[in-house]
1. Among DSSP bridges having both ends in the chain, what percentage is antiparallel? Round to the nearest 5.
2. What relative contact order, as a whole-number percentage, does region 238-350 give when Cα pairs under 8 Å and 6 or more residues apart are counted?
3. Can you compute the charge dipole magnitude of the chain about its Cα centre, using +1 on each Lys and Arg Cβ and -1 on each Asp and Glu Cβ, nothing else charged? Give it in debye, rounded to the nearest 20.
4. Evaluate the distance, in nm, between pseudo-label points positioned 7 Å from the Cα of Ala100 and of Arg243 along their respective Cα→Cβ axes.
5. Taking the alpha-carbon centroid of each part, what is the distance from region 206-245 to region 120-157 in angstrom?
6. Sum -39500 (n - 2.57) across every DSSP H segment of at least 4 residues in the chain, then divide by the residue count to get the 222 nm mean residue ellipticity, nearest 500.
7. Give the percent of DSSP beta bridges with both residues in region 192-350 that are antiparallel, rounded to the nearest 5.
8. Residue-wise, which Karplus ³J(HN,Hα) couplings in Hz belong to region 125-133, taking 6.51 cos²θ - 1.76 cosθ + 1.60, θ = phi - 60°, and x for glycine or proline?
Amino acid sequence: MSADHLAATFRQQAEACSRLGSPLYAALIERCADDLLAGGPTARVLAGHEDDPGPAATALRLMGGVHRLVLSGAAPRLAAYFPTAGGTADPDAAWAALRALLREQAGQLRPSLDSPPQTNEVGRAAALLGGLLHVVAERELPVALHEIGTSGGLNLRADHFWYSVAGGSAPWGPRDSPVRLSGAWSGISPPDSDLRVVERAGTDIAPADPLTDDGRLRLLSYVWPDQLERFRRLEAAIEVARRVPARLERRDAVSAVGELALSPGRWTVLWHSVMWQYLSEPDRSEVRRRLAALASSATAASPLAHLCLEPARRTPDAEHDFLVTLQTWPGGFRRVLGSAAPHGIPTVWE
């Protein structure tokens, strides 16, 4: 393939950023596509990545590296236009500063192209926590929570976040939580179950430890810089992580699911959000196979749940939607609980 392919994927990402409320990134990524085709500094930074497939999100990998330099203080000229660094968004001025950064610090940016985005979007806890309340409503047992593609494991602490409901229904969660997910839920509220999470474990091929300076910076760098609410939410979730322990391990999804074990007297819950697209089809099939093997030994005393928020089609002819789906065993009953915005808020329950 040629640079035309990569430029097209950049333009698709720019359109997505515009649709999802980041005009700054939409403009900058579009300018990168133009500069790539013109053989400018963007082309030199991206050399060797011309064949990257669209799901690799190469544009977001690059911009994550850029944002990291800004947040670390290594790109002060560009920081003046990134709200997350105290600047004021100005796409034209930001592009001039970004193009200079691409030319001057290509060596610092190229390593970011080798790692998938680690967003750890805290807003998606709205869908995951609500789904977990449905799980416990089936059987009021403690929960052993396991996440694949966990990134920094922030959403493993979802029961320590506060959620409000559109329309004025009673909120859910600790009133003093620094993570405030306003307008998280609409439609039929999830059941008010007695939720007790007794184990929290996450795996990822490249986990980011939010308790270290490097991990914190890595997670923050993938939030779009003109979306301050998301940025502050992530900072608040890192604060929660300092108080609520969770186990993180470097492991691929296939081996992680293969090593899951059921525990008597508690739910074993496997959940994930917007990571399925990064798995190869053989890996997806193997995860399903290993989950089915584990499900075959589930009992009423040792039940299993698979909860996810992933882009999916309700029917073969439908458009992709971000669906909250739940399957529980014994029984294997699978249902759609609701749908969510790509970043999780609002989640509309059905």
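1. Working: 20 of 47 bridges.
Percent antiparallel among DSSP bridges in the chain is about 45.
2. Once divided by the residue count of region 238-350, the mean separation gives 20 percent.
3. 600 debye
4. 4.3 nm
5. 18 Å
6. Details: 12 runs with 133 residues, N = 350.
So the helix-based figure for the chain works out to -11500 deg cm²/dmol.
7. Around 65 percent antiparallel, to the nearest 5.
8. 4, 4, 6, 5, 5, x, x, 5, 5
The values are calculated or read from the model by the stated rules, or taken from the named source; none is laboratory data. The model shown is predicted, which means the values in this text are computed figures rather than measured ones. Glycine also receives a Cβ, built like all others from the backbone with ideal geometry; neighbour counts cover every protein chain displayed. SASA here: full protein model, heavy atoms, side chains in, ligands and nucleic acids out. Shrake-Rupley method; radii C 1.70, N 1.55, O 1.52, S 1.80 Å.
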